[in-house]
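What follows is one structure encoded as structure tokens, with my remarks underneath.
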Amino acid sequence: MKNNIIIKLDRDSVCMGDDCFSHAEEKEYDKSVTIAYVLEEITHYVPSMYNVVWTISSPDDLVGFIITDNQGNAEIELNIQNKEIVKLFSSETGVELHCRYYHQSSFSWTDGKTGEYIEKYKECGTLIDKVKMHCLDF
């Protein structure tokens, strides 16, 4: 355990019934692994979905994104520098990461009162751009 760090993962529920049980998991990694490695591992933790973006956040930072295409293939994009985990987070024993997903309809809806179609961040051409703009707003 001395050279290891615990990553505490949790994620959003993705459909009805998915929230019946906790998604919290703990994974143990060598302190020398990079955050990119951890995000690659998280691609196997989050449900396989098409055309979504998962944000991966610590309590203090937006760490990165998992971006899936229309065939469910995932790629990662870091929002922080790719360093060893122990150099990125203040705790040497554990890190909490939360995974939240977004899809195209996260940014468009029909107003229930007026019937008007609302599209947030319509100036952004891609879903990842909309997610990044949304994250900047918070």
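The values are calculated or read from the model by the stated rules, or taken from the named source; none is laboratory data. Keep in mind it's a predicted model, so treat the numbers as computed, not measured. Here Cβ is always computed from backbone atoms with ideal geometry, including for glycine, and neighbour counts include all displayed protein chains. Keep in mind that these areas ignore ligands, DNA and RNA; they rest on the heavy atoms of the full protein, side chains included. Shrake-Rupley method; radii C 1.70, N 1.55, O 1.52, S 1.80 Å.
Here the Gaussian network model covers the chain, with springs between Cα atoms less than 10 Å apart; of Cys20, Cys99, Cys124, Cys20 fluctuates the most. How far is helix 127-137 tilted off the main Cα axis of the chain, in degrees rounded to 10, range 0 to 90? That works out to roughly 80 degrees.
Listed here are the pairs Lys2/Lys83; Lys83/Lys132; Lys8/Lys122; Lys2/Lys87; Lys87/Lys120; Lys27/Lys120; which of them are more than 25 Å apart at the Cα?
Values: Lys2/Lys83 19 Å; Lys83/Lys132 21 Å; Lys8/Lys122 35 Å; Lys2/Lys87 15 Å; Lys87/Lys120 36 Å; Lys27/Lys120 36 Å.
Over 25 Å Cα-Cα: Lys8/Lys122; Lys87/Lys120; Lys27/Lys120.
Computed over protein heavy atoms with a 1.4 Å probe, the accessible surface of the chain works out to 61 Å² per residue.
Approximating the spin labels as points 7 Å out from Cα along Cα→Cβ, the Asn70-to-Ser90 distance works out to 4.5 nm. The label-point distance for Tyr117 and Glu77, in a model that sets each label 7 Å from Cα toward Cβ, rounds to 2.5 nm. Note on the chain: with a GNM built from Cα contacts shorter than 10 Å, the maximum mean-square fluctuation among Asn79, Asn51, Asn70 falls on Asn70. Backbone amide hydrogens, once placed in the peptide plane, bring Val63 within less than 5 Å of Ile56, Ser57, Ser58, excluding anything fewer than 5 places away on its chain.
Here the chain has 47 percent of its accessible surface on carbon and sulfur atoms, given a 1.4 Å probe and all protein chains in place.
What translational diffusion coefficient, in µm²/s and rounded to a whole number, does the Stokes-Einstein relation yield for the range 1-112 at 20 °C and a viscosity of 1.002 mPa s, taking the hydrodynamic radius as the Kirkwood radius over Cα pairs? Walk me through the numbers on the way to the answer.
On the way: Rh = 14.9 Å.
The calculation lands on 144 µm²/s.
Between the listed residues Val38, Ser22, Ser58, the Cα displaced farthest toward the positive end of the dipole of the chain, a dipole computed from Cβ unit charges relative to the Cα centre, is found at Ser58. Go ahead and collect, in residue order, the members of the range 46-61 whose backbone nitrogen is under 13 Å from a label point 7 Å along the Cα-Cβ direction of Asp10. In the range 46-61, the label zone of Asp10 (backbone N under 13 Å from the point 7 Å along Cα→Cβ) covers 57-59.
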